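Heads up, the thing below is written out as structure tokens.
The values are calculated or read from the model by the stated rules, or taken from the named source; none is laboratory data. Remember, predicted model here, so these are calculated numbers, not experimental data. Glycine gets a Cβ as well: all are built from the backbone with ideal geometry, and neighbour counts include every protein chain shown. All accessible areas refer to the heavy atoms of the entire protein, side chains included, with ligands and DNA or RNA removed. Shrake-Rupley method; radii C 1.70, N 1.55, O 1.52, S 1.80 Å.
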Amino acid sequence: MSKPVFNRQLERLVAGIATQDGAGVSLVRVLTHDLQHRLDPFLMLDNFHSDKPEDYLAGFPDHPHRGFETVTYMLAGRMRHRDNAGNEGLLQAGGVQWMTAGSGLVHSELPEQEDGLMSGFQLWLNLASGDKMIAPSYRDLQADEIPQVSPQPGVKVKVIAGSAFGTTGAVQRSHTEPLYLDLQLEDGQQLDLPIPASHNAFLYVFEGELRIGEDGRSAPAGRMAILSNTADAAGVSVQAQGNSRFLLIAGRPLNEPIAQWGPFVMNTREQVEQAMRDFQDGKF
């Protein structure tokens, strides 16, 4: 049997855009609108990180969603969420909230702290056309509910979604088959990362620096590395330059039209306009 070849390469680096969202929360929008087709099924990735209360205290008051899923991963801090169906939960450091907006809901995400570090990510994952109007749902996963594995000395992996290194993650999705990993590599550690060849994939480095692929191109902290789609590749090889931490996010593309207006993501303009009417009519 031939040995798997981990020969995806670093296609391009993305710095992201500093912006504000919600009621004025400062963040970096890493995956922007212009990358939605290249990184299908992913629609957006935000990185929020600040120890200045004025950057995050206003939070995200009531706002609607329809047609996709949001995945909020907290590295530090606490965020309380509520929705118009009476659901409520507290997202704490190391935890994940996986929300399926489906046919529509109105919810809020508000910091439950007045000082200290607030840090984490929110990822938007598209739903297939046949799933866009399913009933909304939540999964609130605390840190101890997310499987962890150490495939070799000096490497730690949290498996949020999908499967990696013989470990099944906390969340599975059939259509998009997302892979969502949080990886920590000690200085000098080299690791072959398995990624299905069918998936679009990227890394986001938030501590240290990575050398990626056979040519060892550098991805420093604060950069997203889009990985090449290489036929029959088993994944990508990385090496840490200094103690490093990064996300690996990959998913099977839906290859469907994307029609978006703010918090509504459907397949046609008419569906988006219907979403707007339904929200204005109080049908969420």
Counting only residues that are crowded, with 19+ Cβ neighbours inside 10 Å and basic (K, R), the range 207-250 contains a total of 1
Quick one: is D192 touching a residue at least 40 places away in the same chain (Cβ under 8 Å), part of a loop (DSSP other than H, G, I, E, B) and in contact with a strand residue (DSSP E or B) (Cβ under 9 Å, 6 or more places away or on another chain)?
no
Just to be sure before I move on: is R245 among the charged types (D, E, K, R) and over 24 Å from F68 (Cβ atoms) in the structure I sent?
yes
Name the residue, out of D51, D46, D40, that is of a type in the set (D, E) and more than 19 Å from E207 (Cα to Cα).
D40
Selection over the range 234-266 where residues are modelled with pLDDT under 95 and in contact with a Gly (Cβ under 7 Å, 6 or more places away or on another chain) yields a count of 0
Which one of these does Q113 not meet: (1) part of a loop (DSSP other than H, G, I, E, B); (2) modelled with pLDDT of 95 or more; (3) not β-branched (V, I, T)?
(2)
Mind checking which residues of the range 55-84 are of a type in the set (A, V, I, L, M, F, W, C) and surrounded by fewer than 21 Cβ atoms within 10 Å (Cβ to Cβ)?
L57, A58, F60, L75, A76
Quick one: in the range 251-273, of everything that is assigned to a strand (DSSP E or B) and open to solvent by less than 40 Å² (accessible area, probe 1.4 Å), which residue is nearest to E207 (Cα to Cα)?
G251
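Quick test for you: out of I249, I226, pick the one residue that is touching an Asp or Glu at 6+ places or on another chain (Cβ under 6 Å) and in contact (Cβ under 8 Å) with a residue 60 or more places away in the chain.
I226
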First in the range 114-131 and closer than 22 Å to F206 by Cβ, second anywhere and among the acidic types (D, E) and at pLDDT below 95, Cβ under 7 Å, 6 or more apart:
G116/D51; L117/D51
Which of the residues belonging to the range 85-102 are surrounded by 15 or more Cβ atoms within 10 Å (Cβ to Cβ), out of contact with any Ser or Thr (no Cβ under 7 Å at 6 or more places or on another chain), part of a strand (DSSP E or B) and free of Cβ contacts under 8 Å to residues at least 60 places away in the same chain?
G89
For L27, work out the one condition from (1) surrounded by 16 or more Cβ atoms within 10 Å (Cβ to Cβ); (2) touching a Pro at 6+ places or on another chain (Cβ under 9 Å); (3) closer than 29 Å to A85 by Cβ; (4) at pLDDT below 95 it doesn't fulfil.
(2)
Looking at the range 274-284, can you tell me whether even one residue there is crowded, with 17+ Cβ neighbours inside 10 Å, under 21 Å from the mean Cα position of the chain (by Cα) and of a type in the set (F, W, Y)?
no
Sort out which residues of the range 123-169 are open to solvent by less than 70 Å² (accessible area, probe 1.4 Å), among the hydroxyl-bearing types (S, T, Y) and not in a strand (DSSP E or B), and write them in order of number.
S129
Residue in the range 178-190 that is among the acidic types (D, E), out of contact with any Cys (no Cβ under 8 Å at 6 or more places or on another chain), within 30 Å of L90 (Cα to Cα) and open to solvent by less than 10 Å² (accessible area, probe 1.4 Å) present
yes
Somewhere in the range 48-64, is a residue within 18 Å of the chain's Cα centre (by Cα), under 20 Å from F246 (Cβ atoms) and in a strand (DSSP E or B)?
yes
When you scan the range 103-122, how many residues do you find that are within 25 Å of H199 (Cβ to Cβ) and either touching a Ser or Thr at 6+ places or on another chain (Cβ under 7 Å) or of a type in the set (K, R) (or both)?
2
